[in-house]
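Worksheet for the structure shown next.
The values are calculated or read from the model by the stated rules, or taken from the named source; none is laboratory data. Values in this document were obtained by computation on a predicted structure and should not be read as measured data. Cβ atoms come from the backbone with ideal geometry, glycine included; neighbour counts cover every protein chain shown. When the accessible area is computed, the model is the full protein with side chains, heavy atoms only, and any ligands, DNA or RNA have been set aside. Shrake-Rupley method; radii C 1.70, N 1.55, O 1.52, S 1.80 Å.
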Amino acid sequence: MTEGEKKGAALLVGAGDAIGAAVARRFATGGYCVCVARRDAEKSRGVVQEIVASGGAAHAVSTDVRNEEAVQALFAQVEAELGPVEVCLFNAGANV
């Protein structure tokens, strides 16, 4: 595939405002449908809007990856709504 061709889903777990947002932009530019997953999806609204405005596909979902059932549900949701997960970046921190 060439740059910009549509690919499957890139699931970015724990994607925050810095590195996670940069990775989301890069995968969207590469043709992936990006799903940004973090505890508060509303915090990803800006990067999602930016990606969509530039012609990419992006979604944000809320999840708590400290819970195994939530992780399983996250993958099921992404695959049902966006297609197979071709890339997964797990970047969740433990903010203890």
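Figures for the structure shown
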| quantity | calculated |
| --- | --- |
| GNM flexibility winner over the chain from Ala76, Ala24, Ala15 (Cα, springs under 10 Å) | Ala76 |
| Fluctuation leader among Ala80, Ala41, Ala70 - the chain, Gaussian network, Cα springs under 10 angstrom | Ala80 |
| Nonlocal amide H pairs with Ala57, under 5 Å, H built at 1.01 Å | Val34 |
| Among Val71, Val48, Val13: highest mean-square fluctuation, GNM of the chain, C-alpha pairs under 10 Å | Val71 |
| Accessible area per residue, Å², the chain with all protein chains present, probe 1.4 Å | 58 Å² |
| Trypsin sites (Lys or Arg not before Pro) within the range 9-96: DSSP coil, no more than 10 neighbouring Cβ in 10 Å | Arg66 |
| Accessible surface of the chain, 1.4 Å probe, proportion on carbon and sulfur as whole % | 52 percent |
| Table column - 3J(HN,Hα) (Hz), the range 45-53, Karplus curve with 6.51, -1.76, 1.60, x for Gly and Pro | 4, x, 5, 5, 4, 4, 5, 5, 4 |
